[in-house]
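In what follows, a structure is listed as structure tokens, so that the remarks can point back to it.
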Amino acid sequence: MIFTLFSQNSFAKCEVTLTGNDQMQFDLKKIEVPGSCKKFKINLKHSGKLTKQVMGHNVVISKTEDMTEITQKAMAVGIKGDYVPKDSKVLAASKLVGGGEHTTLSVDIGKFKKGEKYTFFCSFPGHYALMKGDFLIK
Ligand code: ZN
């Protein structure tokens, strides 16, 4: 129970932990950012065992309307570029990780507006259908 309280407490701060697994799922469907945060840290963990070539996960954030275009461009980029296109529509993107690995992404909240619709997703080919959620500025 102490653990639960502790994690809620850290959620109110400017960071969150997001976990991806071998079943192509994230453990969060929504990430809420307190409006007071200038930077927001996402700790991405891969709890599975599969390699990043097979089941790689990253976290990319864009306006919801730009997600499909970014995922199409990501396929052309390939794994060497972590499936992240060099495009201004990509507002934040982490490295690609495989099973047992983790990475950290620092998101510049200055690029985001309250009321706009944003989505976080994994840009590994095919994963965004399941691995996505709302990124909300409160
Ligand atoms: Zn993925």
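Some observations on this one:
- Picking from residues in segment 18-47 that are of a type in the set (S, T, N, Q) and more than 14 Å from the ligand (Cβ to nearest atom), the one that is modelled with the highest pLDDT is 43.
- Test: residue in segment 80-96 that is among the aromatic types (Phe, Trp, Tyr) and assigned to a loop (DSSP other than H, G, I, E, B): yes
- Of all residues making up segment 91-119, the number that are among the hydroxyl-bearing types (Ser, Thr, Tyr) and surrounded by 14 or more Cβ atoms within 10 Å (Cβ to Cβ): 4
- Figure legend. Inter-residue proximity from segment 96-111: first residues farther than 25 Å from residue 136 by Cβ and modelled with pLDDT of 95 or more, second residues surrounded by fewer than 16 Cβ atoms within 10 Å (Cβ to Cβ) and among the polar types (S, T, N, Q), beta-carbon distance below 7 Å, spacing 6+ or different chains. Indicated pairs: 98/51; 99/51.
- Those residues of segment 120-138 which are more than 14 Å from the ligand (Cβ to nearest atom) and either aliphatic (A, V, I, L, M) or surrounded by 14 or more Cβ atoms within 10 Å (Cβ to Cβ) (or both), in sequence order: 134, 135, 136, 137
- Filtering segment 30-47 to residues that are over 19 Å from residue 118 (Cβ atoms) and buried (at least 21 other Cβ atoms within 10 Å of the Cβ) leaves only 46.
- Picking from residues in segment 48-77 that are buried (at least 16 other Cβ atoms within 10 Å of the Cβ) and of a type in the set (S, T, N, Q), the one that is nearest to the ligand (Cβ to nearest atom) is 58.
The values are calculated or read from the model by the stated rules, or taken from the named source; none is laboratory data. Keep in mind it's a predicted model, so treat the numbers as computed, not measured. Glycine also receives a Cβ, built like all others from the backbone with ideal geometry; neighbour counts cover every protein chain displayed.
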